[in-house]
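Worksheet: the structure to be examined is printed underneath.
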Amino acid sequence: MDRLIIGLDLNDDYTRIVCHGQEKSWTIPTVLCRRKDEEVWLTGEEAYACTLVGDGVMVDKLVKMAAKEGTSTIGEVRYTGGSLLNLFIQKILEYPKKEFGTEKIGQLVISLHRVDAGMMDLFLTCADFLGIPRERIHVISHMESFVYYVLSQRKELWSNQVGLFDLSAQRLCYYEMKVQRGLRRNMVQADSEDMEEAFNLDILDTPSGGRLADRILTSCGERVLNKKLFSSIFLTGKGFERQDWAAEFMKLACHRRKVFVEPVIFASGAADKGADYESKTSSYPYIFICEGRLKAQVSMKVMRRGKENQLILASYGDNWYESKTSLELILDGAKEIEFTITPLDSKKKKLVRIPLTGFPDRPPRTTRIQMNLGFLDENTMSVVIKDKGFGELFASSGAQIRQEVSL
């Protein structure tokens, strides 16, 4: 194997590792331990063992600590949550590297329950720490991982709706997706719901607790599965490592449906996406409408060669974090920049105008502007507009506008 394509399902309980095209996977508790007498770091079960005999200091909740920009003092050294998470990822990547005899990583795709800009930026610094080019590391949501995993399966498993129950120590979450076929391009729509009925997995240790959990889960299943046609149902998370406690729920889920227990679904889906990055042409010719992807198109009117055109700046299904546009325009007397925001429901199309407040008055076609567009999340666009002047005729005034636009 020349280069590894790795998917990581990262959360505070455990981290799962999958290499694309390989059957072997790893599940490692998300903990890190430093030996007391030397700066040697251990992960997973080795970390627990070292801490148990008093030879090391262990830290857990690494994802939460990094997200909140927390710190931890170990051996009189203060570490940031981000640096500890970087160390953990570096250590666990040694498993596939050793197994397959290569240090080279082609793509690393990290799957998180929820994704925000802070975590995205954190993993870019992680790429630098690991010595991986930034363009080879990506962060996606569990929902998007689920979609990639399902689309990588046999078509009969996703010809209708597909459901997923994720039962972990932290949450009970339900995901649902469906492929919608259109005249031009097919679309995949997916959504998720964090169930309020989540319960502590410790109750599964007793027969009475198991029966209570079964009733709770069955009630949730009846609500979300009712009157819908499903091709398949997937179950994942620590709570489904065994199903003997969930007799009624399993009976409900299996009624006229295919049901699969797949512990590494998010890591596998991340690896599938990594493989698609490596391919010259995508194996997934769909518009993805799910968490982490834009649900609206952003465009503006421009004149090109004497004709009015609608210039598309961002499209449905674009990854919001990777969707960035920079362009230069010449104003023809305009005092504002106008964007057209077109959601999937075109009836809700709207115009957004940004006044060029503070920009100097100049004759038509003698003001050049630079416009940079990016996204803070899938629902918020950030716009920066700068006055660039016009050659030797007009120097730049330094005027600049920053504005956030809700999609």
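Things worth noting here:
- Summarising the strand pairing of the chain, around 75 percent of its internal DSSP beta bridges are antiparallel.
- Each peptide in 166-177, 235-246, 150-161 gets a packing score, the mean of other Cβ atoms within 10 Å over its residues, and the list from highest to lowest is 166-177, 235-246, 150-161.
- Pairwise inverse Cα distances across segment 1-85, averaged and inverted, put the Kirkwood hydrodynamic radius at 13.9 Å.
- Residues of segment 258-407: accessible area per residue with a 1.4 Å probe, Å²: 54 Å²
- Fluctuation leader among ARG136, ARG293, ARG78 - the chain, Gaussian network, Cα springs under 10 angstrom: ARG78
- Using a probe of 1.4 Å on the protein chains alone, the accessible area found for TYR95 is around 80 Å².
- Given charges at Cβ of Lys, Arg, Asp, Glu: segment 1-156 dipole, positive-most of VAL59, LEU8, LEU32: LEU8
- Distribution of pairwise C-alpha distances over the chain, 10 Å bins, in %: 4, 19, 25, 23, 16, 8, 3, 1, 0
- Anchor LYS301: aspartates and glutamates whose Cα lies under 15 Å away (excluding residues fewer than 8 positions away in-chain): GLU328, ASP332, GLU336, GLU338
- When every Cα-Cα distance of segment 82-221 is counted in 5 angstrom steps from zero, the calculated P(r) takes the values 2, 8, 13, 14, 13, 15, 15, 12, 6, 2, 0 percent.
- 222 nm mean residue ellipticity, helices alone, for the chain (DSSP H n ≥ 4; -39,500 (n - 2.57); rounded to 500): -7500 deg cm²/dmol
- q = 0.14, 0.16 Å⁻¹: log10 I(q)/I(0) that the Debye formula gives for segment 141-298, counting C-alpha atoms only: -0.71, -0.90
- Amide H contacts for THR30 (H built 1.01 Å from N in the peptide plane; partners 5 or more residues away or on another chain; cut-off under 5 Å): TYR14, THR15.
- For PHE260, distant residues with modelled amide H under 5 Å away: ILE233, PHE234, LEU235
- Karplus-derived 3J(HN,Hα) values for segment 290-303, using 6.51 cos²θ - 1.76 cosθ + 1.60 with θ = phi - 60°, are 7, 4, x, 10, 6, 10, 8, 9, 10, 9, 8, 7, 9, 9 Hz; glycine and proline are entered as x.
- Max mean-square fluctuation residue, GNM over the chain, Cα-Cα springs under 10 Å, options GLY292, GLY374, GLY358: GLY358
- Calculated over segment 24-68, the projected area of the Cα convex hull averaged across directions stands at 3.8 nm².
- Projecting the Cα atoms of LEU329, GLY389, ASN309 onto the charge dipole of segment 291-389 (Cβ charges, centred on the Cα centre) puts ASN309 farthest toward the positive pole.
- Both radii come from the Cα set of segment 253-388: Rg as radius of gyration, Rh as Kirkwood radius; their ratio Rg/Rh reads 1.13.
- Over 30 Å (Cα to Cα) - which of LYS97/LYS295; LYS238/LYS273; LYS91/LYS324; LYS295/LYS388; LYS227/LYS273 fall in this group: LYS97/LYS295; LYS91/LYS324; LYS295/LYS388; LYS227/LYS273
- Simple Cβ-charge dipole of segment 206-361, Lys/Arg +1 and Asp/Glu -1, about Cα centre, in debye nearest 20: 700 debye
- Segment 312-401: trypsin sites (Lys or Arg not before Pro) in DSSP loop, at most 15 other beta carbons within 10 Å: LYS324, LYS335, LYS349, ARG365
- Simple label model, 7 Å out from Cα along Cβ direction - ASN319 to ASP121, nm: 1.9 nm
- Packing-based order for 199-211, 301-313, using average beta carbon neighbours within 10 Å, highest first: 199-211, 301-313
- Fraction of accessible area attributable to carbon and sulfur, the chain (%, probe 1.4 Å): 47 percent
- Convex hull volume of the Cα atoms of segment 322-407, normalised per residue: 96 Å³.
- If only the Cβ of Lys and Arg carry +1 and only the Cβ of Asp and Glu carry -1, the dipole of segment 1-49 around its Cα centre is close to 80 debye.
- Scaled radius of gyration (Cα, divided by 2.2 N^0.38 Å) that segment 88-153 gives: 1.20
The values are calculated or read from the model by the stated rules, or taken from the named source; none is laboratory data. All of these numbers come straight from a predicted model, not from anything done at the bench. For neighbour counting, all protein chains shown are included, and Cβ atoms are generated from backbone atoms with ideal geometry for every residue, glycine included. Side chains are part of the model used for accessible areas, which takes the heavy atoms of the whole protein and leaves out ligands, DNA and RNA. Shrake-Rupley method; radii C 1.70, N 1.55, O 1.52, S 1.80 Å.
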